[in-house]
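Here the structure comes first, spelled out in structure tokens, and everything after it is commentary.
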């Protein structure tokens, strides 16, 4: 769940409350951008906040279960996310919840970030997944929570990544551009990891798929 800890990224309540699929929430032009293999990155300025609302959509050449399985494997973050230094699972209070400690390299020569997050997985409907997190302890943020929503889209998978951060200091304004670059690159790294596992490491992917089946009570 390391993606975008430093950025605000949430959809408005009216959109989230709708019954539209992720694809249907996008404009025709945004759908064309996604179809070309690029990300759709949406920014919205927030009053009294040094960071904008940021929402990222991306298509992946995989199944929705593959994306959920890779994202749920928090301990894998150090392998493909360049700013993630370490991950330690502290507790699994139930099959669908894990509590993990993350250490991140910070931009602008800042001291490392250390935070603890509670992460939950669910499947609202067949082949649809939601993984949500809430940061319980953090050096740099007063509040952080978010959700990745993952849905099939034909032979591909579409996901939206959302995160909300309330920083501890207005100094966070200086991190706006480097932080946005981190989340954009991190989402791309997630996609590359999923597609690489499908091509080169089916054994790892199978183990991760088994893990989410256990987490969702399917085994």
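Coordinate-derived values only; no laboratory data. The shown structure was predicted, so the numbers you read here are calculated from the model rather than taken from an experiment. As a convention, Cβ positions derive from the backbone with ideal geometry for all residues, glycine included, and neighbour counts pool all protein chains shown.
Could you put 96, 77, 48 in order, starting from the residue whose Cβ has the fewest other Cβ atoms within 10 Å? It would help to have the intermediate numbers written out before the result.
Details: 96 18, 77 25, 48 5.
Ranking 96, 77, 48 by Cβ neighbours within 10 Å, fewest first, gives 48, 96, 77.
Would you mind calculating the relative contact order of region 117-216 from Cα pairs under 8 angstrom and at least 6 residues apart, reporting the percent as a whole number? It would help to have the intermediate numbers written out before the result.
Values: 107 pairs, mean separation 18.5, N = 100.
Over region 117-216, the number comes to 19 percent.
Considering Cα pairs under 8 angstrom that are at least six residues apart, work out the relative contact order of the chain and quote it in whole percent. Could you put the intermediate results ahead of the total?
Details: 428 pairs, mean separation 56.4, N = 219.
Result for the chain is 26 percent.
Among 198, 168, what is the fewest-to-most ranking by other Cβ atoms within 10 Å? Please list the in-between numbers first.
Numbers: 198 16, 168 13.
Ascending number of Cβ neighbours within 10 Å: 168, 198.
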Please find, in a Gaussian network model of the chain (springs between Cα atoms separated by less than 10 Å), the residue of 71, 164, 109 whose mean-square fluctuation is greatest. 109
Beyond 23 Å, what share of the Cα-Cα pairs of region 16-122 is found? Please give it as a whole percent. 50 percent
When only alpha-carbon atoms are used, what values of Rg and Dmax, in angstrom, describe region 134-219? 16.6, 47
Dimensions of the chain along principal axes (Cα, Å, largest first)? 44, 42, 31
Provide the gained length on full extension for the span residue 198 to residue 48, in nm with one decimal, where the gain is 0.36 nm per separating residue minus the Cα-Cα distance. 49.7 nm
